[in-house]
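A quick write-up on the structure given underneath.
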Amino acid sequence: MNCLEFRRLVLAAPRQITAEQEAHLERCARCAEFAQSVVHDEAAIAQAMLVPVPEGLAERVLLRHGIRGPNRWGTLALAASLLVAVGVAFYSHEVPRQGDEIVSAQLSGANQHAVAAIAYVLDHEPQLLKENRAGDPKVMRAALSELGLSLPANIGSVRYLGNSVLPDGSRGEHIVLQTPYGHVTLILMPDEFLESRVAVSDRNLHALVAPRWGGCYLLIADSAQTLKRVEAMLL
Amino acid sequence: MMFINPERSKFEGVVKAYSAELYRYAYWLCRDRFTAEDVVQETFARAWQRWSGLRDDRAAKGWLYAILRNEHARLHERKQLAIDPDQELDTLMDNSGANAFDAFEMRDMLAALPETYREALTLQVIGGFSCAEMATMIGITEGAVMTRLTRARQAIRRLIDPKPLIKAKES
C-alpha cells in the first residue's frame, strides 16, 4: 500500500483502519500524522452534524398517526405552566422591578443600549438559540477586528451568531458564548460611537457597554464578575 | 380497559429511536429545519402505511433512511451532481488550530459541499452506515461511495486550510 492509497482509505472511512493500513502507519510517520489530523477533523464534523432536533418531534409524529393521544400529564403540565405564566405577568405588572429606576432615570446613550441589550437577551435570545440560525463568521470576524477584539479558543464555544436589532432600534452583531464562567452575550456595534463606559444591572442581568476606537461592544451576563473575566479574554 | 397493539408499540419504539437521527439526515439533505421536520413526518407516514411489509426489525433503520431519501427526492427536485471528474487526490492538507468559531464554520463548510458528498458523509457520520450499505441505499457502487466520502473530507480540509502542507506520494 502506498501513501496515496492509504490516504484515500483514511478519508473514506477514518474509523475503519485495516491491517494493511496499520502496517503502512508503522513505517510512514507523515501518513500517521495525516491520519491523526483526519480523526481530529472527524470529531469536528460529527459535532457540527449534530444539529439540534426540534423538541417533541417524536411525540408529534406519533400524535399525527394516532399512535398516542395527548399525554394527560402533559396537559396538566401545560395548564400549570399557563397558570404560572399568568401569575408572573400579574406580579411583573404590579411590583416595580429592581432596575426600573435605571430605565426611567437615564435612558440615553450607553445606558439605553445596555438596558435594551438586557431586554433583548431576556426576550429574544432563548428563541434565537432554539432556531439555530447561523450568521456569517466572516462578518463577525470583521466586526471583532474593527473593534480590536478577539475570541480566543479558551473562551468557550459559540452557541449563536447573527444580526440583532435591539429594542432601542440599534443594530449589532450578536454572539452568544458558552464560556467557562457561564452563558455570555456579546453584541458588537462597529458604527456606534460612545463617549463613556457604562455598567448597568437590570432584571437580574448585568450589562457592560464599552467604547472602542471603531465603535462599541456590549457584554451581558448574570454577574459583574463574569463580565470582567470575559472582557479580559476578549481584549 | 386499554389494549396495547404490539405493532403500534413497535412503531412507537422505532419513532423514538430514529426520529432524531432521521431529522438530522433530512436537515443536511435540505438544510431547512421546517422542511426537515416535514420530510421526517412524511417518512414515518409512509413507513406506517407499509409497516406490515417490514419483515426484519433489524432492517428498520436502513428502511427508514431509504424512505426518507425517496421522500426528500419526491418533495424537492434533486440538484444536478456537481462532481469534478478531473479532481485528483494528489494534495492532502493538514488543518489549523481550533477556535470558538469552529462549529459554525464547520456547518458552513458542510453546507457548501456538493449534495452528493454531503449525503454520503451524513449517512456515514450520523447513520453509521458502511460504504457497502450506503452503496445499496444510494444505488451506486461501493467505490463511488468511497470516492464521495474521500472528496467530501478533502474539500472540508481544503476549506479549513487552503495551504497544502503535506503531499501524498505515489511511492
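For the stretch A:154-235, compute Rh as the Kirkwood radius over C-alpha pairs and then the Stokes-Einstein diffusion coefficient at 37 °C and 0.692 mPa s; write the answer in µm²/s, rounded to an integer.
In µm²/s, the coefficient is 255.
Would the stretch A:100-234 count as rounded, prolate or oblate if I go by the C-alpha gyration tensor, calling it rounded below 1.5 in a/c and otherwise prolate when a/b exceeds b/c, oblate otherwise?
In terms of gyration-tensor shape, rounded.
Given a Förster distance of 25 Å, report the FRET efficiency between A:H124 and B:R31 from their Cβ-Cβ distance, rounded to the nearest 0.05.
Rounded to the nearest 0.05, the efficiency is 0.60.
Using a simple spin-label model with points 7 Å from Cα along the Cα→Cβ vector, what separation in nm is obtained for A:E20 and A:K138?
4.2
After finding the eigenvalues of the alpha carbon gyration tensor for the stretch B:6-75, what semi-axes result from the square roots of 5 times each, listed largest first in whole Å?
Working: eigenvalues 84, 27, 20 Å².
After scaling each eigenvalue by five and taking roots: 21, 12, 10 Å.
Lys and Arg at +1, Asp and Glu at -1: add these up for the other residues within a Cβ distance under 12 Å of B:S130 and post the number.
Values: positive: A:R15; negative: B:E133, B:E142.
Result for the local shell: -1.
Chymotrypsin sites (Phe, Trp or Tyr not before Pro) within the stretch A:164-235: which are DSSP loop residues with at most 15 other Cβ atoms inside 10 Å?
For chymotrypsin sites (Phe, Trp or Tyr not before Pro) across the stretch A:164-235 that sit outside H, G, I, E and B with at most 15 neighbouring Cβ atoms in 10 Å, the list reads A:F193, A:W213.
Averaged over A:33-39, how many beta carbons belonging to a partner chain fall within 10 Å of each residue's beta carbon? Please list the in-between numbers first.
Numbers: counts 3, 7, 0, 1, 9, 6, 0.
Counting Cβ atoms of other protein chains within 10 Å of each residue's Cβ and averaging gives 4.
In percent, how large is the relative contact order of the stretch B:6-75, given Cα pairs closer than 8 Å and 6 or more residues apart? Write out the running numbers ahead of the final one.
Numbers: 41 pairs, mean separation 25.2, N = 70.
Relative contact order, the stretch B:6-75: 36 percent.
Suppose the chain between A:S145 and A:D191 were pulled fully straight at 0.36 nm per residue; how much longer would it get relative to their current alpha carbon spacing?
Net length gain for the segment: 15.3 nm.
Just so you know, all these numbers are worked out from the coordinates, no wet-lab data involved. Because the structure is predicted, anything quoted here is derived from the model rather than measured. FYI the Cβ positions are ideal-geometry reconstructions off the backbone, even for glycines, and counts take in every protein chain you see.
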